[in-house]
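Since the structure comes first, as structure tokens, the remarks are kept for the end.
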Amino acid sequence: MLVAGEVSGDLHGAHLVEAIQKIDPEIQFCGVGGESLEKRGMKLLHHVHSLSVVGISEAFRKLRTALKTLRELKEAMEQEKPDLVILIDYPEFNLRLAGIARKKGIPVLYYISPQIWAWRPGRVRSIAKLVRKMVVLFPFEVPLYEAAGVDVEWVGHPLLDIVKPSLSREEALKQFGLDPAQKTIALLPGSRAEEVARLLPPLLDSTILLRKKMPELQFIIPLAPGISGTNLHPILRDGPVPIRVVNGLSYDVMALSDLIITASGTATLEASILGKPMVIVYKVSSLTYWVARALIRVKHIGLVNLVAGKEIVKELIQGEVNPERIAGEALRLLKDPVLYEKTIESMAEVRQSLGERGAASRAARIVLSLLQENKL
């Protein structure tokens with residue numbers, strides 16, 4: 001049983017499943033995921049979009065769905081009798097599920113650690129009791145878990161194998177209808193409906209200010225899985241600046257872009273792997289923000305800055321997410337070639353710190369060894 005509560009977890013889960021099935025094609029999967037896991041043959045008991053949220057107040061609205069899903073997964077454990085439960089991030093839900101699995105005697109492997117280094121470090125005690133094996137993506141996570149007695153292993157980051165364009169720059173420009181003589185800015189307003197609703201309007205308004213300063217700019221939005229273009233068209237139709245919208249192909253869009261303005265999340269690491277300067281935007285409900293301020297122990301919110309251990313790209317948070325600030329930070333990068341190149345160099349350092357390619361294959365071998373151990 002594999003449970004991914006976010007779109008990024010669906011992607012990483014799919015690559016893990018693929019790597020496992022290359023070693024043992026007889027292994028079957030069921031659980032919570034999205035299109036990527038379904039394509040790999042996993043039996044979906046619930047779709048990831050029924051659980052995916054950003055923020056505390058937003059989570060309350062899906063609490064009933066989450067509790068219902070927990071009950072149904074508990075029933076599925078009794079019916080399917082899984083040999084192993086694989087949990088991917090999504091800690092508030094998944095640690096409760098880990099408790100259910102433990103009571104039923106099913107071992108739990110956690111792939112992609114909860115961010116105990118960022119907030120609620122006390123969760124490591126629960127993890128030590130509930131999780132047989134923790135597989136982490138960042139090397140600095142290992143000593144945190146070892147200190148709590150958790151069996152932990154670092155495999156590197158799976159994005160190193162995943163993040164690559166499928167088209168050449170020339171092919172992508174032609175397919176997206178973009179002018180190769182103009183500079184391109186990619187707008188990534190997020191993978192959840194709540195994020196898009198909050199971030200897209202100020203992003204679009206910033207394009208007006210940017211075009212006034214740099215008329216040669218063009219803009220493109222790659223839609224995340226689960227975000228419908230029909231929801232965006234009413235907003236985009238009346239805008240004075242033309243915006244290209246494409247379904248998926250986000251890595252091709254990122255690769256051809258000169259600058260990326262993105263919601264905080266996995267996309268910031270993806271952009272850094274591609275060596276693309278960016279501006280990070282983050283806006284949630286007031287309740288979520290103030291609770292997070294009280295709990296979070298790190299200085300930065302963007303994964304790329306967290307991995308770097310310093311701010312290498314600008315983060316705009318809450319009230320700073322306005323057209324003037326967004327445009328100002330974008331222009332600061334585009335008009336300063338020294339800063340632009342320095343940012344690219346910092347991206348390369350982040351890329352190096354993520355380890356070597358083959359993370360999913362290494363994680364798959366850990367899964368197989370745990371299954372074998374359970375049978376003995």
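Can you find a residue that is within 16 Å of Leu236 (Cα to Cα), out of contact with any helix residue (DSSP H, G or I) (no Cβ under 9 Å at 6 or more places or on another chain) and in contact (Cβ under 8 Å) with a residue 40 or more places away in the chain anywhere in region 175-186?
no
Could you grab me the full set of residues in region 122-146 that are basic (Lys, Arg) and without any contact (Cβ under 8 Å) to a residue 60 or more places away in the chain?
Arg123, Arg125, Lys129
Which count do you get for residues in region 3-36 that are surrounded by fewer than 21 Cβ atoms within 10 Å (Cβ to Cβ), outside any loop (DSSP other than H, G, I, E, B) and out of contact with any Leu (no Cβ under 7 Å at 6 or more places or on another chain)?
Within region 3-36, residues that are surrounded by fewer than 21 Cβ atoms within 10 Å (Cβ to Cβ), outside any loop (DSSP other than H, G, I, E, B) and out of contact with any Leu (no Cβ under 7 Å at 6 or more places or on another chain) number 4.
So which of Asp161, Asp179 is surrounded by 15 or more Cβ atoms within 10 Å (Cβ to Cβ), of a type in the set (Asp, Glu) and either at pLDDT below 90 or farther than 21 Å from Asn305 by Cβ (or both)?
Selected residue: Asp161, the only one of Asp161, Asp179 that is surrounded by 15 or more Cβ atoms within 10 Å (Cβ to Cβ), of a type in the set (Asp, Glu) and either at pLDDT below 90 or farther than 21 Å from Asn305 by Cβ (or both).
Got a sec? Which of Leu236, Leu232, Leu203 is surrounded by 21 or more Cβ atoms within 10 Å (Cβ to Cβ) and part of a helix (DSSP H, G or I)?
Answer to the selection: Leu203.
Does any residue in region 102-121 that is in a helix (DSSP H, G or I) come within less than 9 Å, Cβ to Cβ, of a residue that is β-branched (Val, Ile, Thr) and at pLDDT 65 or above six or more places away or on a different chain, and which pairs are these?
That search, which allows pairs on different chains as well, returns Arg102/Val108; Arg102/Val131.
Out of the residues in region 145-174 meeting the condition of being out of contact with any helix residue (DSSP H, G or I) (no Cβ under 7 Å at 6 or more places or on another chain) and in a helix (DSSP H, G or I), tell me which one is farthest from Ala359 (Cα to Cα).
Looking at residues that are out of contact with any helix residue (DSSP H, G or I) (no Cβ under 7 Å at 6 or more places or on another chain) and in a helix (DSSP H, G or I), I get Lys174.
Which strands (runs of 3 or more DSSP E) sit wholly inside region 239-291 and have at least 1 residues that are buried (at least 17 other Cβ atoms within 10 Å of the Cβ) and small (Gly, Ala, Ser)?
Qualifying strands (runs of 3 or more DSSP E): 259-263.
Those residues that are in contact with a Phe, Trp or Tyr (Cβ under 8 Å, 6 or more places away or on another chain) and over 27 Å from Phe138 (Cβ atoms), I need them from region 70-105; list them, please.
Hit for region 70-105 is Leu70, nothing else.
Results for (1) in contact with a strand residue (DSSP E or B) (Cβ under 9 Å, 6 or more places away or on another chain); (2) farther than 23 Å from Gly9 by Cα; (3) at pLDDT below 95, shown as yes or no for each residue.
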position	(1), (2), (3)
Gly190	yes, no, yes
Leu199	yes, no, yes
Asp205	no, yes, yes
Met214	yes, yes, no
Ile220	yes, yes, no
Gly229	yes, no, yes
His233	yes, yes, yes
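Mind checking which pairs have a first residue in region 265-278 that is over 15 Å from Glu311 (Cα atoms) and a second that is among the aliphatic types (A, V, I, L, M) and assigned to a loop (DSSP other than H, G, I, E, B), Cβ under 8 Å, 6 or more apart or different chains?
Glu270/Val163; Ile273/Val163; Ile273/Leu354; Leu274/Val163
Give the residue, chosen from Lys342, Lys283, Lys335, that is at pLDDT below 95 and of a type in the set (D, E, K, R). Working first, answer last.
Numbers: Lys342 fails: at pLDDT below 95; Lys335 fails: at pLDDT below 95.
Testing whether each residue is at pLDDT below 95 and of a type in the set (D, E, K, R) leaves just Lys283.
Suppose we keep only residues that are of a type in the set (Val, Ile, Thr) and closer than 30 Å to Arg132 by Cβ within region 322-372. Which one would you say is surrounded by the most Cβ atoms within 10 Å (Cβ to Cβ)?
Checked region 322-372; the qualifying residue surrounded by the most Cβ atoms within 10 Å (Cβ to Cβ) is Val367.
Can you tell me which residues in region 68-106 are in contact with a His (Cβ under 9 Å, 6 or more places away or on another chain), surrounded by 14 or more Cβ atoms within 10 Å (Cβ to Cβ) and within 19 Å of Lys43 (Cα to Cα)?
Thr69, Leu73, Ile88
Cβ-Cβ distance below 7 Å, separation of 6 or more or different chains: which pairs start in region 337-364 with a residue that is not assigned by TED's automatic domain parsing to the domain that holds Ala308 and end on one that is in a helix (DSSP H, G or I) and loosely packed, with under 15 Cβ neighbours inside 10 Å?
Ala364/Ile23
With Val108, Val135 as the choices, which residue is out of contact with any Phe, Trp or Tyr (no Cβ under 8 Å at 6 or more places or on another chain), of a type in the set (Val, Ile, Thr) and closer than 16 Å to Leu371 by Cα?
Step by step, each of Val108, Val135 is checked, and only Val108 is out of contact with any Phe, Trp or Tyr (no Cβ under 8 Å at 6 or more places or on another chain), of a type in the set (Val, Ile, Thr) and closer than 16 Å to Leu371 by Cα.
Condition check: modelled with pLDDT of 95 or more and farther than 29 Å from Gly122 by Cα. Does Ile185 satisfy that?
Yes: the conditions hold for Ile185.
Go through region 298-319 and count every residue that is in a helix (DSSP H, G or I) and touching a Phe, Trp or Tyr at 6+ places or on another chain (Cβ under 9 Å).
The number of residues fulfilling the criteria is 3.
The values are calculated or read from the model by the stated rules, or taken from the named source; none is laboratory data. Remember, it's a predicted structure, so these values are computed and weren't measured experimentally. FYI the Cβ positions are ideal-geometry reconstructions off the backbone, even for glycines, and counts take in every protein chain you see.
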